[in-house]
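The values are calculated or read from the model by the stated rules, or taken from the named source; none is laboratory data. A quick note: this is a predicted structure, and the numbers were derived from the prediction, not measured. Neighbour counts run over all protein chains shown; Cβ positions are idealised from the backbone, glycine included.
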Amino acid sequence: MWLKNEIYDEIFSFNHPVIFLQACTQKYEPIKTSSMENTEAKNNPYYSRTDTTKLNVSNDEWKKILAPDLYAIAREAATERAFTGKYNEFDEIGGYYCAVCGNHLFRSTSKFSSSCGWPSFFEADKEGVYYVRDQSYGMDRVEVLCKRCDSHLGHVFDDGPKPTGLRYCMNSVSLEFVADAQK
Ligand SMILES: [Zn+2]
């Protein structure tokens, strides 16, 4: 449970009680777009799968670069509709990168089949993500963000499988999968 403890320490070092949501219920409004397809990072000068330099790009700038669905989720913490994401039922071998900046986030070996309707992982790249307590929508959750570009990725819950017991509930739109063979 080292990963969970690390998250607890990182987020709740100010002695607040931790209440993780157990259910997959989504009480907030999903964003409404005609297409929830992931959009390749085109004309994005900040995108790199090798450069890990921290980015400090304004939302005004991101809005010019990112597709509307990716902007809404990554920069405004919207959530894609359940069961619509391209990686929800997807089990190829490779890596998952931030769709905004190319930062490495997950390995396919930590992906598991969840009934929630979003791609789920039991472990994240420690160098790829950080955590913030999210009390929006009357819930107490742990938000997962990209360490390089500060984009919203999804939330992490403590009802995942072994060995970590964690369930990283991610938006497909925020992710970009790269098969090992393509590297
Ligand atoms: Zn990123």
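Residues in segment 52-62 that are in contact (Cβ under 8 Å) with a residue 24 or more places away in the chain and assigned to a loop (DSSP other than H, G, I, E, B) were compared, and the one that is surrounded by the most Cβ atoms within 10 Å (Cβ to Cβ) is 55. Out of segment 117-146, which residues are over 14 Å from residue 96 (Cα atoms) and not hydrophobic (A, V, I, L, M, F, W, C)? Within segment 117-146, 117, 130, 131, 133, 134, 135, 136, 137, 138, 140, 141, 143 meet the criteria. Scanning segment 84-121 for residues that are hydroxyl-bearing (Ser, Thr, Tyr), within 20 Å of residue 180 (Cβ to Cβ) and under 13 Å from the mean Cα position of the chain (by Cα) returns 87, 96, 97. For the residues 94, 138, 102, the requirement of being under 23 Å from residue 47 (Cα atoms), surrounded by fewer than 21 Cβ atoms within 10 Å (Cβ to Cβ) and either within 16 Å of the ligand (Cβ to nearest atom) or not aliphatic (A, V, I, L, M) (or both) singles out 94. Residues in segment 70-124 that are of a type in the set (A, V, I, L, M, F, W, C) and free of Cβ contacts under 8 Å to residues at least 40 places away in the same chain: 83 alone.
Working carefully through the options 86, 63, 147, find the one that is more than 24 Å from residue 45 (Cβ to Cβ) and either within 16 Å of the ligand (Cβ to nearest atom) or modelled with pLDDT under 95 (or both).
Details: 63 fails: more than 24 Å from residue 45 (Cβ to Cβ); 147 fails: more than 24 Å from residue 45 (Cβ to Cβ).
The match here is 86.
You will find that of 81, 133, 167, the residue that is within 12 Å of the chain's Cα centre (by Cα) and more than 16 Å from the ligand (Cβ to nearest atom) is 167 and no other.
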